[in-house]
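The values are calculated or read from the model by the stated rules, or taken from the named source; none is laboratory data. Here the structure is a predicted model, which means the values were calculated and not measured. Note that we place each Cβ from the backbone using ideal geometry, even for glycine, and neighbour counts take in every protein chain shown.
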Amino acid sequence: MTAKATRYDTLYERLGYRFQRVELLTEALTHPSFRSGRAGAGGDYERLEFVGDRVLGLITAEILFEAFSDAAAGELARRLNARVRQEALVEVAKSIELGSYLHLSRSERRTGGETKPAILADACEAVIAALYLDGGLDVARAFIERLWPDVDSENDAARKDAKTALQEWAHKQNKPAPDYVVVKEEGPPHKPVFTVEVRIEGLEPATGRGKSKRAAQQAAAQLLLGTIPRNGDTPPLIGPMERQ
């Protein structure tokens, strides 16, 4: 195994994929400042970023189309924009500690380039492109499906999520806040499936499954809300349950 491949071993685990063409990943992690003035330094992430932006948009649009079958085009567009914005990309980059793998010039590193939002977002899009070019659309989609639910907009005015609705109901009934407990975690580290139980005073617990803890919590909250009679003053949910 080469030294370069060894350096990326932990990143491979976080990405859920081991590259066949390691040079693609290296290019995705290379800032333009690193290549400047270096003979034979290879390419930087700008071209891959261009591709990654399109791959992320396509896969996200498909995920939203499947998850929200009754949503109008305008709502789908708002949800897509929330998921592909710079802030979302930065959160994903931070969750896999992408900054620590970036190739930066000395001057860029001195100014904290590995933590700059614009650089992290661009590099994250470039990594998506590298995943797509090396492993295909399914590999890129698996990465996006696994990490993006955790950065979905919590303040979506168009649709009230199940966790918020359940918490509001509990507050109106003078009950403690819902308690979410992970009761099972299955699958490999790069593709886990969580089972979460939600408990609330005076109600039978409900259990939900999802590809992230948040998705499992949403599923459990949705199921518990469905057991509360309308005369229990349950807040209305607009639209279907979030994709698990």
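Filtered by the rule that a residue be touching a Leu at 6+ places or on another chain (Cβ under 6 Å) and either more than 21 Å from A220 (Cα to Cα) or modelled with pLDDT of 90 or more (or both), segment 134-165 gives D134, V139, A140, F143. Pairing each residue of segment 56-77 that is without any contact (Cβ under 8 Å) to a residue 60 or more places away in the chain with any residue that is not in a helix (DSSP H, G or I), provided the two are 6+ apart or on different chains, yields C-beta distances under 9 Å for L64/A71; L64/R243; F65/A71; G74/A158; L76/F68. Restricting attention to segment 185-201, the residues that are charged (D, E, K, R) and either in the same structural domain as A140 (by TED's automatic domain parsing) or in a strand (DSSP E or B) (or both) total 4. Quick one: in segment 48-84, which of the residues that are among the basic types (K, R) and over 26 Å from T10 (Cα atoms) is surrounded by the fewest Cβ atoms within 10 Å (Cβ to Cβ)? Once the filter is applied, the top-ranked residue is R54. When segment 103-153 is filtered for residues that are touching a residue at least 60 places away in the same chain (Cβ under 8 Å) and outside any helix (DSSP H, G or I), the ones remaining, listed by number, are H103, L104, S105, D152, S153.
What about D44, is it crowded, with 19+ Cβ neighbours inside 10 Å and part of a loop (DSSP other than H, G, I, E, B)?
yes
Checked against (1) of a type in the set (V, I, T); (2) at pLDDT below 90; (3) surrounded by 20 or more Cβ atoms within 10 Å (Cβ to Cβ), I128 passes all but a single condition, namely (2). Being closer than 23 Å to R146 by Cβ, touching a Ser or Thr at 6+ places or on another chain (Cβ under 9 Å), of a type in the set (S, T, Y) and not assigned by TED's automatic domain parsing to the domain that holds P192: is that true of Y17 here? Criteria not met by Y17.
Taking the stated definitions as given, is G57 under 20 Å from the mean Cα position of the chain (by Cα), assigned to a helix (DSSP H, G or I) and closer than 22 Å to K191 by Cβ?
no
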